[in-house]
Amino acid sequence: MSKAIDVDGYIARLVADGVVQSELSPVLSGLTKATRVLAKIVSSGAGKGDLATKLKGNNGSGDAPTKLDVLSNEIVMSRLSEAPVAWVASEECERSVQIVAGAPLSVAIDPLDGSSNIETNAPVGTIFSIVRTSPCGDSDATFLQPGSGQVAAGFVVYGPQCSLVLSVGRGTAAFTLDPDLGSFVLTSESMFVSEIAREFAINASNARHWSPAIRNYVEDCVAGVDGPRGRDFNMRWIASLVAEAERILVRSGVYLYPHDSRTGYEHGRLRLIYEANPIAFLIEQAGGAATDGVQRVLDLKPQHIHQKVPLVFGSRGEVELIARYVRELEGRSQPHQLFSDRGLLRH
């Protein structure tokens, strides 16, 4: 029986093969150490009760944090302080935090994505993006660049099993936390998102706020085999970005969190730098696609570290079809009557 490969061994092998540079290893090690601590806290139930209490005021992204959000950020910052990291941009901090001046790599992170799920025992996670520090050493120059420049990205899901999904730009790999070994063990070296989807994920309770394009796309999927798509779809909505992404990486599908007419949602809701970019990187490396509805996410140039965007990702064929809906139905200042109450594919 072959010996299990943990994430440190996986990265060491890539370094030896010249695929990645050696400075990536201690950064990923710091991140996985932090997530192992968080996994223990979440699985022990310590995230409930007092730690699930919302605090007064808002975090850097404008949301009300819980005590566990704050604790998660402290754990991440502590572990990354031991690594060659120049800057950390966190959802919990209004501004980037400098760790080691002149260090070659910097990290953008959502320390605990979906913390509102803690009380209901639904999946929560950590999402991270690793980029090269700008030669000038400035935090804005480092983080305000298109996501295509990411060195690595990943997320951890604290669910029935604790899993890590990681890419260093050579495909997308999956790891599972082995509680006996105390490390993330490689379980899939090449995750793949099929071009064809039979599942879509969206929060249908917001249907009245959607644009005509999104409304018509969903209606066409719901119509199933009797509608213009000619096949049945299942709808999923876990309300956990990391859990949705892992499901799509395992069995394909498409996820939509579009902009809508509600105040604060006009430009989307997910953060470009530490949510959309890393997820898009992982999905693309697995053969899928990710857009803001039309434009490739990894081509977007951020304007500030907490910028929000719409996000559509998953099976390439489905993502491209959604972009067609958006272009046809929202690409005019006054949509043609043909598209005002009929789906793109309807006859």
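The values are calculated or read from the model by the stated rules, or taken from the named source; none is laboratory data. All values reported here derive from a predicted model rather than from experimental measurement. Positions of Cβ are backbone-derived with ideal geometry, glycine not excepted, and every protein chain shown enters the neighbour counts.
Would you be able to tell me the number of residues in region 34-46 that are among the polar types (S, T, N, Q) and either surrounded by fewer than 23 Cβ atoms within 10 Å (Cβ to Cβ) or not in a helix (DSSP H, G or I) (or both)?
Residues of region 34-46 among the polar types (S, T, N, Q): 35, 43-44.
Narrowing further to those that are either surrounded by fewer than 23 Cβ atoms within 10 Å (Cβ to Cβ) or not in a helix (DSSP H, G or I) (or both): 43-44.
So the answer is 2.
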Qualifying residue in region 211-222 (condition: of a type outside the set (Val, Ile, Thr), under 21 Å from the mean Cα position of the chain (by Cα) and surrounded by fewer than 20 Cβ atoms within 10 Å (Cβ to Cβ)): no
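Quick one: which of Leu112, Leu31 is at pLDDT 90 or above, in a helix (DSSP H, G or I), among the hydrophobic types (A, V, I, L, M, F, W, C) and in the same structural domain as Gly154 (by TED's automatic domain parsing)?
Numbers: Leu112 fails: in a helix (DSSP H, G or I).
Exactly one residue qualifies, and that residue is Leu31.
A quick yes/no check of all residues on (1) among the polar types (S, T, N, Q); (2) modelled with pLDDT of 95 or more; (3) at positive phi; (4) touching a Ser or Thr at 6+ places or on another chain (Cβ under 7 Å):
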{"residue": "Arg13", "(1), (2), (3), (4)": "no, yes, no, no"}
{"residue": "Lys48", "(1), (2), (3), (4)": "no, no, no, no"}
{"residue": "Asn59", "(1), (2), (3), (4)": "yes, no, no, no"}
{"residue": "Val70", "(1), (2), (3), (4)": "no, no, no, no"}
{"residue": "Ile75", "(1), (2), (3), (4)": "no, yes, no, no"}
Subset of region 285-299 that is assigned to a loop (DSSP other than H, G, I, E, B), on the phi < 0 side of the Ramachandran plot and touching a residue at least 60 places away in the same chain (Cβ under 8 Å) - its residue that is surrounded by the fewest Cβ atoms within 10 Å (Cβ to Cβ): Ala286
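Scan region 272-284 and give yes if some residue there is in contact (Cβ under 8 Å) with a residue 40 or more places away in the chain and over 12 Å from the mean Cα position of the chain (by Cα), otherwise no.
So in region 272-284, the residues in contact (Cβ under 8 Å) with a residue 40 or more places away in the chain come out as 272-283.
Still in the running and over 12 Å from the mean Cα position of the chain (by Cα): none.
No, because not a single residue in region 272-284 is in contact (Cβ under 8 Å) with a residue 40 or more places away in the chain and over 12 Å from the mean Cα position of the chain (by Cα).
Got at least one residue in region 130-140 being in a loop (DSSP other than H, G, I, E, B) and surrounded by 22 or more Cβ atoms within 10 Å (Cβ to Cβ)? So that I can check it myself, show each step before the final result.
Here is the first cut: in region 130-140, the residues in a loop (DSSP other than H, G, I, E, B) are 133-138.
Those still in the list that are surrounded by 22 or more Cβ atoms within 10 Å (Cβ to Cβ) too: 133.
Yes, some residue in region 130-140 is in a loop (DSSP other than H, G, I, E, B) and surrounded by 22 or more Cβ atoms within 10 Å (Cβ to Cβ).
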Among (1) at pLDDT below 95; (2) out of contact with any Gly (no Cβ under 8 Å at 6 or more places or on another chain); (3) part of a loop (DSSP other than H, G, I, E, B) - the single one Val100 does not satisfy: (1)
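Table: residues versus (1) more than 23 Å from Val250 (Cβ to Cβ); (2) more than 19 Å from the chain's Cα centre (by Cα).
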position	(1), (2)
Ile109	yes, no
Leu112	no, no
Pro123	no, no
Thr142	yes, yes
Gly147	no, no
Thr172	no, no
Leu186	no, yes
Ser190	no, no
Ser194	no, no
Members of region 163-207 that are in contact (Cβ under 8 Å) with a residue 24 or more places away in the chain, within 18 Å of Ala34 (Cβ to Cβ) and part of a loop (DSSP other than H, G, I, E, B): Leu181, Gly182
